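In what follows, a structure is listed as structure tokens, so that the remarks can point back to it.
The values are calculated or read from the model by the stated rules, or taken from the named source; none is laboratory data. Owing to the predicted nature of the structure, the values given are computational and were not obtained by experimental measurement. Cβ: placed from backbone, ideal geometry, glycine included. Neighbour counts: every protein chain shown.
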Amino acid sequence: MANVEPQECLSVALKLVKQAGDLVRDAIKKKKNIEMKSSAVDLVTETDKAVEKLLITGLSSAFPDHKFIGEESVAGGEKCVLTDEPTWIIDPVDGTMNFVHSFPYTCISVALWVNKDAEVGIVYNPILEHMFTALKGQGAYLNDEKISASGETDLSKALVFSEMGTSHDPEKVDTVITNITTLLTKVHGIRAMGSCTLNMCHVALGGVDACFEFGIHSWDTAAAYLVVKEAGGVIIDTEGGPFDLMRRRVLCASTQELAEKIAKLLKQYQPERDDAH
Ligand code: IPD
């Protein structure tokens, strides 16, 4: 097993994430070269690719034995397999649709998982200068200030984030609409901002009480997972039970009680797993 010192891993990754943030900040207002991936609304730009390259080049030079799962590398045909080995899981630009439209709710997400558990989580919105960080067992931070989930347990008082996602599969679209319809009259408010990763971080920050989504990928949740846990929030599967990073479903909430209340109401949807191939 490769050697891992979480604090050192965090420091090295933070420097690279800040450099990557410069790329995103410089590019967000400019014209982008946009390509489609799994659907007409699943997008990638030259910035997504440049950020992933910068991060993987820098991290693999500092930690030559570590493994990688990167959104654009997987889109390019690499396998998405999580082993016990130290593995950096990277979403170079989460909320690519927002980035394409210059809407400033977008971020870079970098996590280090070891023995199939998160050790380091970094989520950076370079437009709003929001840097979320977490080390296992050491709390979660926004720009060096400790953060914590709201503690809300009452569904009728909960502000809930969900997403439309990037799939036009009719069953998936029906799941999105059914769940919004079900929850709309039961919760305080529903929002869809366009970044699963940032939605989770805002649960960690306490401004949002829960968020859920079907069809996300391991790179959307890997870093925010630790930020939420270290902020005292919970992450479970959408039907309850343990969260599975590769299962492409997430429900996160300020408390277990609130998470379970939402899980009971959700129509379920199972996309193909990230590690199916
Ligand atoms: C997407 C965002 C979006 C969510 C999609 C994700 P990407 O990530 O997190 O909020 O609805 O399911 O794929 O493609 O912008 O990295």
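Only one residue in 110, 114, 123 is out of contact with any Phe, Trp or Tyr (no Cβ under 8 Å at 6 or more places or on another chain) and among the hydrophobic types (A, V, I, L, M, F, W, C). Which one? If you could, list the steps in order and put the result at the bottom.
Numbers: 110 fails: out of contact with any Phe, Trp or Tyr (no Cβ under 8 Å at 6 or more places or on another chain); 123 fails: out of contact with any Phe, Trp or Tyr (no Cβ under 8 Å at 6 or more places or on another chain).
The match here is 114.
Being modelled with pLDDT under 95 and of a type in the set (D, E, K, R) narrows it down to one residue among 116, 18, 32, 53; which is it?
Working: 116 fails: modelled with pLDDT under 95; 18 fails: modelled with pLDDT under 95; 53 fails: modelled with pLDDT under 95.
One residue alone meets the criteria, 32.
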Residue 211 is checked against (1) within 15 Å of the ligand (Cβ to nearest atom); (2) under 25 Å from residue 39 (Cα atoms); (3) out of contact with any Cys (no Cβ under 6 Å at 6 or more places or on another chain); (4) of a type in the set (A, V, I, L, M, F, W, C) and fails just one. What number does that condition carry?
-> (3)
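Where in the stretch 1-113 are there strands (runs of 3 or more DSSP E), lying wholly inside it, with at least 1 residues that are of a type in the set (Ser, Thr, Tyr) and in contact with a Lys or Arg (Cβ under 6 Å, 6 or more places away or on another chain)? If you could, list the steps in order and put the result at the bottom.
Working: elements: 34-36, 43-45, 67-70, 87-94.
In the stretch 1-113, 43-45, 87-94 are the strands (runs of 3 or more DSSP E) which contain 1 or more residues that are of a type in the set (Ser, Thr, Tyr) and in contact with a Lys or Arg (Cβ under 6 Å, 6 or more places away or on another chain).
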Here the residues within the stretch 219-228 that are out of contact with any Asp or Glu (no Cβ under 9 Å at 6 or more places or on another chain) and over 17 Å from residue 247 (Cβ atoms) are 227
Just name the residue that is nearest to the ligand (Cβ to nearest atom) out of those in the stretch 61-88 that are farther than 19 Å from residue 244 by Cα and acidic (Asp, Glu).
-> 72
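One line per residue, one yes/no per condition, for (1) closer than 29 Å to residue 43 by Cα; (2) in contact with a strand residue (DSSP E or B) (Cβ under 7 Å, 6 or more places away or on another chain); (3) not polar (S, T, N, Q):
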| residue | (1), (2), (3) |
| --- | --- |
| 133 | yes, yes, no |
| 136 | no, yes, yes |
| 142 | yes, yes, yes |
| 147 | no, yes, yes |
| 156 | no, no, no |
| 162 | yes, yes, no |
| 166 | yes, no, no |
| 179 | yes, no, no |
| 197 | yes, yes, no |
Return the only residue of 91, 22 being more than 15 Å from residue 217 (Cα to Cα) and either within 13 Å of the ligand (Cβ to nearest atom) or surrounded by fewer than 17 Cβ atoms within 10 Å (Cβ to Cβ) (or both).
-> 22
Looking at the stretch 26-48, is at least one residue within 22 Å of residue 140 (Cα to Cα), away from the ligand (no atom under 16 Å from the Cβ) and not polar (S, T, N, Q)?
-> no
A careful count of residues in the stretch 140-172 that are without any contact (Cβ under 8 Å) to a residue 24 or more places away in the chain and loosely packed, with under 14 Cβ neighbours inside 10 Å gives 5
Return the residue satisfying two criteria in turn: it lies in the stretch 94-117 and is within 16 Å of residue 227 (Cα to Cα), surrounded by 24 or more Cβ atoms within 10 Å (Cβ to Cβ) and not hydroxyl-bearing (Ser, Thr, Tyr), and of such residues it is nearest to the ligand (Cβ to nearest atom).
-> 94
How many residues are away from the ligand (no atom under 16 Å from the Cβ) and out of contact with any Phe, Trp or Tyr (no Cβ under 8 Å at 6 or more places or on another chain) if we restrict to the stretch 147-173?
-> 13
